[in-house]
Amino acid sequence: MEKISVFDIFKIGIGPSSSHTMGPWRAALRFIHELKALNLLEKVQGIQVDLYGSLAKTGHGHGTDTAILLGLSGFDPVTIPEESIPQEVERIHRSGRLSLEGPATIGFDPGKDLIFHYFESLPYHPNGLRFKASVQGLAPYTSTYFSTGGGFVLKEKEEADRPEVHLPYPIQTSRDLESYCRLLQKPIDEIVLQNERMFRQEEEVHLGLLNIFETMMQCAYKGCHTEGVLPGGLNVSRRAASINKKLLDPETSYSDARGWLDAVRRSGHDFETINKWISCFALAVNEVNASFGRVVTAPTNGAAGVIPAVLLYHICFGKGKEDKDRDIIRFLLTAGEIGSIFKKGATISAAMGGCQAEIGVSSAMAAGGLALCLGGDYRQVLMAAEIAMEHHLGMTCDPVGGLVQIPCIERNTMGAIKAITAAHLALESDPEQAKVSLDEVIRTMWLTALDMNSKYKETAEGGLAVNIAVNVAEC
C-alpha cells in the first residue's frame, strides 16, 4: 500500500503544470543529485534529455523545457524567485552553457540536447523522460523517470512505497477510512492526523498546513492584483483583477493579503456577489499558475484554483471565519486524504485520465473538506466527494495550444462551484440512501480513463485543442 502524506498531495511549486513542469523539474534535480552521490557530477561532459508521450506533445506549452533547464541548474521550485525564471532560462539559451549544481559547467544547446519524441511513449506512463550524462572516462550514465501527476515522480523500476513508515490506520480505499471512523467514532481529519504524525510532529503538521494555505492565499491575492495578458501566445486576458476591482468598494484600501480578505468579507453577502468571488478566487490562482507563478498542487497545478476558492469562500462568507486556523487544518487534512485515495485507486494525472483526474479530483477533495467543516459526519463527507466526482466523469483534457489556459482556467471556477453544491447536497441527504459510493465512483473514473481515447489526455490532439484556430508561440 502506497503511503502518501497530505504534504505529498499539497506541494508548493511553480506553474503551469504539476505533471509537465514540477514533475520534470523534480526529476532533473534527482538526476543531478544521483550524479553527485556517485561522485560523477564534476566528470560530466554533456547531458541529453529525451521527452516522451504527453511530455513531448504539450511540453513546450506546459514549460517542460524550462523546468528541466532550471532543475539541472539546481534551482528548487519551492524557493526560486519567480521573477528570476525568465532571466535564468534566457541566460542558458544565450550562453549555450549549463551550470550544474556546484562548480560543474557544461555546454548545453536546448535545441539539440532536449529531444521531443512526439510519436513515442514509454511503457509505464505517458509522461516519461530519460536523462543521459556523458561522463569522462566512463560509460554514459542514464536514468529514466515518470511524472505520474500532481508533482509525483517515480524512477524506472522504483517502488513508490515508504516501508519505513508504519501508519496506525493504513488507508487504500474510502471504505477503509469509513471503517476507522465508525470503529473509533472519530471524524476523518482526526484519523488522518494520526497517520500524519508518523511522518512529522503534530505541531509541524499544523504549521505546514497553515503555510500551505498562506501560499494559496498569497497566490490568490497576487492574481487578483495583476492585470495584462498571459504568456504563451494565446493572448488570454487576465480577468481576476478586473472582477476584484468591480466587487470592492472604490474607497477600500489595504496593503496586504489579510487586509484584502477583510475587504472581501465586507463587500456583500448576497448570492450573486459570493458567486462572483468564488470564480474570482479560482481564476486568480490559475492565472498565476499559467504565468509560471508559485502555486500549491491541489492535487495538481492545472486544478490548483479549486481548493483555494472553496477555502476562501468558507473563511470569508461561511462558518470558517469563526475559527479560521482550525478549519483550514481540518479542511486540508480531509481533502488531502480524499486526494490520496483517488491517486491509489485511479489517477490524478490528466495524461492518464483526462481532466476528470484533475478538476474532478480537486472538486471531490474540496467538497469533502467543506462538508466536514460545515459539520458533516464522515459518511456525509465521503458522499460529498462522491457527488462532486460523479458530475465530472468523462471530462477530457484538451488544452488549446498545449497551454494550461483554455479551458483549464475557467474549469477551476466550475470545479469550485460544483464542490460547494456537492457539500450542501450531502449535508441535506441521508448517506444510507446513497446509491453510489465514493469507491464505486473512483473505480468508474478509472475505467472511464482506460476507455478514453489518448487524444483527450493532455496531448492537445483532440477537442477544443483542434477546433480553436490559434497561432501559439512557445512559452
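The values are calculated or read from the model by the stated rules, or taken from the named source; none is laboratory data. Quick caveat: nothing in here was measured; it's all calculated off a predicted structure. Backbone-built Cβ (ideal geometry, glycine too); neighbour counts: all protein chains shown.
Observations
- Residue within the range 250-262 that is modelled with pLDDT of 95 or more, in a helix (DSSP H, G or I) and touching a Gly at 6+ places or on another chain (Cβ under 9 Å) present: no
- Residue count for the range 182-197, restricted to those that are closer than 14 Å to residue 333 by Cα and either assigned to a loop (DSSP other than H, G, I, E, B) or among the hydroxyl-bearing types (Ser, Thr, Tyr) (or both): 3
- Criterion applied to 259, 228 was being surrounded by fewer than 16 Cβ atoms within 10 Å (Cβ to Cβ) and in contact with a strand residue (DSSP E or B) (Cβ under 8 Å, 6 or more places away or on another chain), and the one residue passing it is 228.
- Some residue of the range 62-79 being surrounded by fewer than 15 Cβ atoms within 10 Å (Cβ to Cβ), more than 24 Å from the chain's Cα centre (by Cα) and not assigned by TED's automatic domain parsing to the domain that holds residue 288: no
- Identity of the residue in the range 6-58, buried (at least 21 other Cβ atoms within 10 Å of the Cβ) and polar (S, T, N, Q), that ends up nearest to residue 153 (Cα to Cα): 19
- Exactly one residue out of 205, 295 is aliphatic (A, V, I, L, M) and within 24 Å of residue 406 (Cα to Cα): that is 295.
- Verdict on residue 284 being modelled with pLDDT under 95 and touching a helix residue (DSSP H, G or I) at 6+ places or on another chain (Cβ under 8 Å): no
- Where a residue in the range 123-151 is free of Cβ contacts under 8 Å to residues at least 24 places away in the same chain and closer than 26 Å to residue 38 by Cα and its partner, wherever it lies, is of a type outside the set (Lys, Arg) and outside any strand (DSSP E or B), with Cβ under 9 Å and at least six apart: 144/122; 144/124; 144/156
- No other residue among 179, 134 is in a strand (DSSP E or B) and surrounded by fewer than 18 Cβ atoms within 10 Å (Cβ to Cβ) apart from 134.
- Residue match in the range 51-59 (condition: outside any helix (DSSP H, G or I) and over 27 Å from residue 365 (Cβ atoms)): yes
- Hits in the range 426-475 (condition: surrounded by fewer than 17 Cβ atoms within 10 Å (Cβ to Cβ) and in contact with a Leu (Cβ under 7 Å, 6 or more places away or on another chain)): 470
- Residue check, residue 215 within 16 Å of residue 307 (Cβ to Cβ), touching a residue at least 24 places away in the same chain (Cβ under 8 Å) and among the polar types (S, T, N, Q): yes
- Taking the criterion of being over 18 Å from the mean Cα position of the chain (by Cα) and crowded, with 24+ Cβ neighbours inside 10 Å, the only residue of the range 387-399 that qualifies is 387.
- The set of residues in the range 63-107 being polar (S, T, N, Q) and either outside any helix (DSSP H, G or I) or within 16 Å of residue 24 (Cβ to Cβ) (or both) consists of 64, 66, 73, 79, 99, 105.
- Any hit, the range 4-17, residues being assigned to a helix (DSSP H, G or I), modelled with pLDDT under 95 and not assigned by TED's automatic domain parsing to the domain that holds residue 286: no
- For residue 98, the conditions (1) farther than 19 Å from residue 16 by Cβ; (2) free of Cβ contacts under 8 Å to residues at least 60 places away in the same chain; (3) surrounded by fewer than 18 Cβ atoms within 10 Å (Cβ to Cβ) are fulfilled apart from (3).
- Selection count, the range 425-475, where residues are outside any helix (DSSP H, G or I) and more than 21 Å from the chain's Cα centre (by Cα): 19
- Residue in the range 186-203 that is under 30 Å from residue 262 (Cβ atoms), touching a helix residue (DSSP H, G or I) at 6+ places or on another chain (Cβ under 9 Å) and polar (S, T, N, Q) present: no
- Residue 422 being touching a residue at least 40 places away in the same chain (Cβ under 8 Å) and either in a helix (DSSP H, G or I) or not assigned by TED's automatic domain parsing to the domain that holds residue 192 (or both): yes
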